[in-house]
Amino acid sequence: MQSTAIAHANIALIKYWGKRDKALNLPATGSLSLTLDGLNTTTSVDFDSALEADRILLNSETPDRQAASRISAFLDLVYRYFHSSGDQRPFASVTSGNNFPTAAGLASSASGFAALAVAAAHALNANANPEQLSMLARRGSGSAARSIYGGIVEMAHGQRADGLDCIASQLHKPDYWNLNVLIAVTDAGSKKVSSTDGMQLTMETSPYYQAWVAGAEADLASARQAIAARDFEALASVTEFSTLKMHASALAAQPGVIYWNAATLAAVHCIRELRSDGLPVCFTMDAGPQVKAICTADVADQVSEKLQQAPGVVRIISCSLGDGARLQPS
Ligand code: PMV
């Protein structure tokens, strides 16, 4: 059966950076994110017993071996989860497309694996609930667990060694707070160090890694509290604290992982200036050079205009809060 699903990328305010179990892909910390309506992946999966191998197309191209085997391994996992009998998985045809630059630190793995989990489970006729889908998506990419849900989402660190309690859940629906995220693209090329490699090197070599992990619970609590009170200033403060600590831990790895370029810092300073002028806006950055400005919707045009002028900013992608992953008519 063929199924098509759409999922949105998400941007973490309180970051995930480091794993407590590599094989099960369990994060070392919880995280908290906004699901973004402007960045989508649409994925179709068709299990077909007539195929002799998986046929995968990403953005109309055949992916490299590593990306293709990551997708095939994920399909194996989803199949095994719903078919305990141990029979052979039929090969699949997978077609997936993003409406934004892939692998440039714009969370394409989050929307990608969330859409793939939903489409694959449905194509297998499995009646999966969101918790199961979140748990499965996490195995593809840690941040993908959050893209199963819309609005404001928290990923639990979980206590169990098997990771069954390591799933995301929705804290608030998309209309809870009229926030916008403006993505200042400073380089649309592929990132040099993947998030997987960057966090692994940080875990293995950075003297700041333990301090990063130790602070995560307090940051999550502050963010939850700020969001419950719709206190932008408090949210801005803990959001910037989390991203700068994540990058500080990566910068202190050996060799240091530097995701920023000159335009990244120009955009960061621009956002800081806007906030000191009284605008409710703050920044966050992931495993790439793009800067995401988070602001209330009423100041989004003003922020966008200024950010566009920061030296080296190529373009701005505007998002508001979006829905969770879902099936689409094929
Ligand atoms: O899901 P991954 O393995 O691509 O890791 C995501 C890591 C960050 O984007 C840097 C932070 C996060 O929580 O999304």
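The values are calculated or read from the model by the stated rules, or taken from the named source; none is laboratory data. Everything quoted here is computed from the prediction, not taken from an experiment. Don't worry about glycine lacking a Cβ; one is built from the backbone with ideal geometry, like all the others, and counts go over all protein chains shown. Note: accessible area is taken over every heavy atom of the protein model, side chains too, but ligands, DNA and RNA are not part of it. Shrake-Rupley method; radii C 1.70, N 1.55, O 1.52, S 1.80 Å.
Listed values, structure above:
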item: Residue within the stretch 279-298 that is of a type in the set (Lys, Arg) and surrounded by fewer than 22 Cβ atoms within 10 Å (Cβ to Cβ) present; result: no
item: Listing of strands (runs of 3 or more DSSP E) fully contained in the stretch 244-330 that carry 1 or more residues being under 28 Å from Met203 (Cβ atoms) and within 18 Å of the chain's Cα centre (by Cα); result: 281-284, 291-296
item: Any chance Leu106 is within 16 Å of the ligand (Cβ to nearest atom) and open to solvent by less than 20 Å² (accessible area, probe 1.4 Å); result: yes
item: Members of the stretch 197-215 found to be closer than 23 Å to Leu106 by Cβ and surrounded by 15 or more Cβ atoms within 10 Å (Cβ to Cβ), listed by number; result: Gly198, Met199, Gln200, Leu201, Thr202, Trp212
item: Any chance Val94 is assigned to a strand (DSSP E or B) and open to solvent by less than 50 Å² (accessible area, probe 1.4 Å); result: yes
item: Tally of residues being more than 16 Å from His157 (Cα to Cα), away from the ligand (no atom under 16 Å from the Cβ) and assigned to a helix (DSSP H, G or I) across the stretch 207-221; result: 1
item: Matching residues, the stretch 63-75, being assigned to a helix (DSSP H, G or I) and either of a type in the set (Val, Ile, Thr) or surrounded by 13 or more Cβ atoms within 10 Å (Cβ to Cβ) (or both); result: Ala67, Ala68, Ser69, Arg70, Ile71, Ser72, Phe74, Leu75
item: Residue ID - farthest from the ligand (Cβ to nearest atom), chosen from residues in the stretch 22-48 that are among the small types (Gly, Ala, Ser) and open to solvent by 10 Å² or more (accessible area, probe 1.4 Å); result: Ser44
item: Residue ID - nearest to the ligand (Cβ to nearest atom), chosen from residues in the stretch 9-21 that are open to solvent by 10 Å² or more (accessible area, probe 1.4 Å) and part of a strand (DSSP E or B); result: Lys19
item: The stretch 22-45 residues that are of a type in the set (Gly, Ala, Ser) and outside any loop (DSSP other than H, G, I, E, B), paired with ones that are more than 12 Å from the ligand (Cβ to nearest atom) and modelled with pLDDT of 95 or more (beta carbon under 6 Å, 6 or more apart); result: Gly38/Cys319; Ser44/Thr4; Ser44/Thr95
item: In the stretch 124-135, residue surrounded by the fewest Cβ atoms within 10 Å (Cβ to Cβ) [restricted to those that are farther than 17 Å from Ser44 by Cα and within 16 Å of the ligand (Cβ to nearest atom)]; result: Met135
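Okay, residues lined up against (1) open to solvent by 20 Å² or more (accessible area, probe 1.4 Å); (2) under 21 Å from Gly18 (Cβ atoms):
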position: Ala115; (1), (2): no, no
position: His122; (1), (2): yes, no
position: Ala137; (1), (2): no, yes
position: Gln159; (1), (2): yes, yes
position: Asp162; (1), (2): yes, yes
position: Gln170; (1), (2): yes, no
